[in-house]
Structure formats: structure tokens, C-alpha cells
Amino acid sequence: MVSGQPGILSIWNDVAPGRDADFDTWFQGEHLAERLAVPGFLFGRRHQAISGARGYFNFYLVESSDVLTSKPYLERLDNPTPMTRMIMADVFKNMNRTLCHRALRRGALRGAYAVTVRFTDTPNETALAALLDELLADINIASGEIWLAVDPAGQPVSLEEKIRGGDRKIKGALLIDTLREADAEALGARLAKEFPNGEVGVFRVLCQLGHGEAFEK
């Protein structure tokens, strides 16, 4: 972890057929507020796919990646609520969950739509930074971020993950927020061509929760 870099918990998942309402009830009614109550958690946002990747994408911004291996957070993961146990066992499918640090952020705004590119090999951070600088010249692009995975060595396997049956991981990701759906769709199509080995998804924002504006520092 490089000093001064916020941490990111990145999650993509599908949902068992017919269980979206259960996911909504759990996430909005319990999970998001529960996670934001953990010391060091600053902001969480949930999305649903409109093209490219299926299912859902959500992420949490934390003060540093150390928060994601802290005692309060690990205790929460190893003591899931009854509803969380049900969601982990019966609702979540194809879980992709990775502890990251935010290597770079461009732009001060957050948009209504998001495009993500997931990388299973370590991405070229310099090239991605140049891409963000190009994209942010467009007023319709709200912001962009580069996430790099934290070395998983020494990270414990939580009870929640065991209930899910294990998670897939990424080496890095690109997140770009846009103001409008058409811009997100066009950008998703472009990035799918530029990164044929990446997994591209276009999402709409469903909900978010944060502690004031501190998360945008």
C-alpha cells in the first residue's frame, strides 16, 4: 500500500434467477449501511449492468487498503447476519471480489453511468492514465479511476467467502463515470475493442451512500 492512496473493495456478481428482490432488500435495507459503519469505510455505490458484463457491480471506498484487513472488518465478515448468510449461500453467483488500492483518479464528479474494464493481468498504469487524460477532455465524462489489486498473500478467507464457495479475483480495473447512458454505451464499445483481453461492462447507478464529501479528497 502506497501512503496516501485510498483503498477500494471491488465486487462484481450475478444473482440467482428470480432473486433480485432479495438482493435489493438485503443491500438497501441492511448491507450498505452495515459496511459504512465499519471504521475507515467512506463511500459505497451499487450498479446494475445494462450491457457487456451481466449482473451487478458495487464498490466501497475506504481510507486505505489496510481497512479491508482490519480487525473490525474481518470480524464483520466472520459474523454474517442471518440475511447475509442467505444471500451468500443462495443469491450470489459468479462472485468476483478483490481488495485494491486506488492508484489514480481523474475528475471531481461522479456520474449516473459507469463503464468498467476488469483485467486478469496487471494493467499498464501509464497507458491507462494517458487514456483517462484523453477521456476527461470530454465534458460528458465525469471522472475515471485506476484500481490495482493488493497482493492477496496473507489475506484470510472469511466465513462469508467460504459460504459463497470462493471468489474470483482481478489484477486491476478501470472505472469511468459518464453523465448519460449513450456515452457509457459508446465508451463501452470502444474499450471492448481496445482491451480485448479485459472484461468490459456498462452499468447504471442504483444507489450510493457516503460520509459527507470526504470521499472525494
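Summary table
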| quantity | calculated |
| --- | --- |
| Within straight-line cross-link reach of residue 93, lysines at Cα separation under 24 Å, skipping those fewer than 8 residues along the same chain | 162, 169, 171 |
| GNM flexibility winner over the chain from 195, 92, 59 (Cα, springs under 10 Å) | 195 |
| The chain - mean residue ellipticity at 222 nm from DSSP helices (-39,500 (n - 2.57) per run, n ≥ 4, rounded to 500) | -6500 deg cm²/dmol |
| When the range 7-216 is reduced to its Cα atoms, the Kirkwood hydrodynamic radius in Å | 17.3 Å |
| From the C-alpha gyration tensor of the range 26-141, square roots of 5λ in Å | 28, 18, 15 |
| Residues 11, 87 arranged by fewest to most Cβ contacts within 10 Å | 11, 87 |
| Length-normalised contact order for the chain - Cα pairs under 8 Å, 6+ apart - percent | 30 percent |
| Kirkwood Rh, Cα atoms: Rg over Rh of the range 72-139 | 1.09 |
| The chain: angle of helix 181-194 to the longest principal axis, Cα-based, in degrees nearest 10 | 80 degrees |
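Read-outs throughout are calculated quantities, based only on the coordinates presented, and are distinct from any laboratory measurement. Not measured: the values here are computed from a predicted model. Neighbour counts are summed over all protein chains in view; Cβ atoms, including those assigned to glycine, are modelled from backbone coordinates with ideal geometry.
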